[in-house]
Amino acid sequence: MLNTLKAIPVRTYILIVTALVIIGSGFYIFTELGEDVLENEKFMIDQQAADFADSIATPGMMTFFAWITELGSVWALTAGSLIMIAVLWYFYNRKKWRIIYFVIAMGGITILITGLKAAFGRDRPNLIEQYDGTGYSFPSGHSTGPIVFYGFIIYLIIRSRMNKLGKWIINIALGILILLIAFSRLPLGVHYFTDVIGGLSLGLTWLVTCIAILEITLWRSGLKKKKEL
């Protein structure tokens, strides 16, 4: 056991600590916000964010955000997930663990969002079916779902053999897309700012947890194969 621990690179320990910090911080932010939401607290930041969103809500910007928000909709993420499973099956030579944990990540966050929305029961600032603005408000599904879906793609790109420049360009673009989808809910008027922050923190926590367990699974599988040789 001691020899196994010594064989693990320092970089791996740094990544483990980083993952634990992200998981802990995300969980703390979400639970703190959730506690205040349950107590029907009013957040000044919600009004400030709403005022800012209204100030930039020109017709052109509203059209842009209406398009962007669709990339975080249920139908878009469902279609994207099916495509991702097919891509993983083909390009990763049917390596089961990446497919399994991607399904767990997306299926799990869907269950979490459905249950938590019902548990908190927070009303939306506006009910607008056109922008998927129906049902309860906290946490924002358009913040949580995209960070798990696009975040998992970022992870796969980091682990791929793509050149560094390509990785940086694609991953920065995906990171910006995640934030734009989350922010789009504010000018469209279907979420509070705290819904968005709660969704992002929950999604990031779930994403990093799934990736961390996947990495441990892959490491143990690789170790097992070495012992069999």
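The values are calculated or read from the model by the stated rules, or taken from the named source; none is laboratory data. Predicted model only: the values in this text are computed from it and were never measured. Cβ placement follows ideal geometry from the backbone for every residue including glycine, while neighbour counts extend to all protein chains displayed. Please note that ligands, DNA and RNA were not included when accessible areas were found on the heavy atoms of the full protein model with its side chains. Shrake-Rupley method; radii C 1.70, N 1.55, O 1.52, S 1.80 Å.
State which residue is nearest to L116 (Cα to Cα) when the search covers only region 17-62 and only residues that are over 24 Å from the mean Cα position of the chain (by Cα) and polar (S, T, N, Q).
The extreme case among them is N40.
Scan region 109-123 and report the pairs whose first residue is in contact (Cβ under 8 Å) with a residue 60 or more places away in the chain and whose second residue is of a type in the set (A, V, I, L, M), with Cβ atoms within less than 6 Å and a gap of 6+ or a chain change.
I109/V148; F120/V37; R122/V37
Take residues that are open to solvent by 30 Å² or more (accessible area, probe 1.4 Å), of a type in the set (A, V, I, L, M) and under 28 Å from S160 (Cβ atoms) and tell me which of the helices (runs of 4 or more DSSP H) falling wholly in region 30-135 contain 3 or more.
Qualifying helices (runs of 4 or more DSSP H): 74-91, 96-120.
Just to be sure I understand the filter: pairs with C-beta atoms under 7 Å, separated by 6 or more residues or on different chains, first member in region 124-135 and within 15 Å of A50 (Cβ to Cβ), second member open to solvent by 50 Å² or more (accessible area, probe 1.4 Å) and not in a loop (DSSP other than H, G, I, E, B). Which pairs pass?
No pair meets every condition.
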